[in-house]
Amino acid sequence: MTQSFTIGLAGAGNVAQALGRCIEERGQRVSAVASRSHARAREAARFIGGDARPVTYEQLASDRVIIAVPDHAIVEVARHLKPVSIVLHTSGAFSGMILREQVGTAASYGSLHPLQTFPTPSDGYRTLPGCAFAVDGEPDARAWAIEIATLMEGLVLEIPSSARALYHAAAAMASNHLTATMDAAIETMVQVGIDATTARRALANLSRAALENTLRDGATAALTGPVVRGDAETVARHVEALWNSPATIQGLYRAAAGHALEIARRRGLPPEAVDAVRSSIGHAHG
Ligand SMILES: NC(=O)c1ccc[n+]([C@@H]2O[C@H](COP(=O)([O-])OP(=O)(O)OC[C@H]3O[C@@H](n4cnc5c(N)ncnc54)[C@H](OP(=O)(O)O)[C@@H]3O)[C@@H](O)[C@H]2O)c1
């Protein structure tokens, strides 16, 4: 069936390239990709495949546009676009309605946030199908966002505008902060005398199993370790051992242990054990 509308991508970065290639391969043709740099737009168009033309933001004349630029540049880029029928942005933290409020020239505005991490276009292209997508917006924009998510065999999440920042905070904890926690563990292993490559290998099985167990059974069932066992002395030894570690690592340990203690309390750790572990988490040096 011939597509009755043209699709343009505003932005030539990781999300634009990955999303563009997935959309193109699943049957919706991308006609143009815009960037401030012709070379970057050309490179992105090559990655996306099909007939996508490299253009500037001002030249983008597609019927429907997906804006995939840093959050702080979304409104500025949207202001450069010609009046079009649908505009979606891919930010997680903002509703599509910021474009109605701050730009207002398109017929329908919305958002399509892939709940996925895109360190490179190729990584994103590989992991995008099947992920969750937060959608919102005016009826036509929202309908197209759902159509794209469905094309990707994704899980559609309808997030109210007022809850976007909270939703995105959850996404950051599940992805960016997981990376930060892993980095803290690797850095601590390096302090022990194990090189970073070996530390990554050594922690891989442990971390994958913990994550899989948590996702499969929930945190209350999956949590193991000294906090949930009520081993207050072991926790105090951890806190003491971390004394010379960077303050951010110590803070991360205490914050995560504090939340683990909340899970342990939920699982039935007796109040006196909860108090003893809490005091170990707050344990001062010496
Ligand atoms: N990365 C992720 O893991 C991820 C996941 C889900 C959603 N998102 C969302 O997707 C959007 C794009 O993220 P991304 O990771 O694809 O970004 P990116 O790789 O940094 O690419 C950003 C693109 O926007 C263009 N751009 C236009 N105006 C800009 C300005 N004033 N400052 C900087 N760049 C500007 C860039 O430069 P040129 O115009 O010069 O080409 C580039 O093509 C963001 O809203 C982000 O929140 C990201």
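The values are calculated or read from the model by the stated rules, or taken from the named source; none is laboratory data. Quantities reported herein were computed from a predicted structural model and do not represent experimental measurements. All Cβ positions, glycine included, derive from the backbone under ideal geometry; neighbour counts span all protein chains shown. Keep in mind that these areas ignore ligands, DNA and RNA; they rest on the heavy atoms of the full protein, side chains included. Shrake-Rupley method; radii C 1.70, N 1.55, O 1.52, S 1.80 Å.
Condition test on Val69, is it closer than 24 Å to Leu128 by Cα, β-branched (Val, Ile, Thr), touching a strand residue (DSSP E or B) at 6+ places or on another chain (Cβ under 7 Å) and away from the ligand (no atom under 11 Å from the Cβ)?
Numbers: closer than 24 Å to Leu128 by Cα: yes; β-branched (Val, Ile, Thr): yes; touching a strand residue (DSSP E or B) at 6+ places or on another chain (Cβ under 7 Å): yes; away from the ligand (no atom under 11 Å from the Cβ): no.
So Val69 does not fit the description; no.
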Here's a check for you: in the stretch 4-18, which residue that is more than 8 Å from the ligand (Cβ to nearest atom) and open to solvent by 50 Å² or more (accessible area, probe 1.4 Å) is modelled with the highest pLDDT?
Thr6
Give me a count of the residues in the stretch 3-24 that are over 18 Å from Ile74 (Cα atoms) and of a type in the set (S, T, N, Q).
3
Flag for Ala276 being open to solvent by 30 Å² or more (accessible area, probe 1.4 Å), modelled with pLDDT of 95 or more and either more than 25 Å from Met173 (Cβ to Cβ) or not in a helix (DSSP H, G or I) (or both)
yes
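Going through Arg36, Arg21, Arg64 one at a time, which residue ends up being touching a Phe, Trp or Tyr at 6+ places or on another chain (Cβ under 8 Å) and within 9 Å of the ligand (Cβ to nearest atom)? Before you say what the answer is, go through the steps one by one.
Working: Arg21 fails: within 9 Å of the ligand (Cβ to nearest atom); Arg64 fails: within 9 Å of the ligand (Cβ to nearest atom).
From the options Arg36, Arg21, Arg64, the qualifying one is Arg36.
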Evaluate the stretch 203-212: report whether one residue or more is open to solvent by 30 Å² or more (accessible area, probe 1.4 Å) and within 13 Å of the ligand (Cβ to nearest atom).
no
Quick test of your reading of the structure: Leu157 fulfils all but one of (1) in contact with a Phe, Trp or Tyr (Cβ under 9 Å, 6 or more places away or on another chain); (2) assigned to a helix (DSSP H, G or I); (3) of a type outside the set (D, E, K, R). Name the failing condition by number.
(2)
With the condition kept exactly as written, say whether any residue in the stretch 185-196 is among the acidic types (Asp, Glu), outside the structural domain of Ala93 (by TED's automatic domain parsing), open to solvent by 80 Å² or more (accessible area, probe 1.4 Å) and within 30 Å of Thr90 (Cα to Cα).
no
I'm told Phe47 meets every condition in (1) within 28 Å of Arg164 (Cβ to Cβ); (2) within 13 Å of the ligand (Cβ to nearest atom); (3) in contact (Cβ under 8 Å) with a residue 40 or more places away in the chain except one. Can you identify the failing condition by its number?
(1)
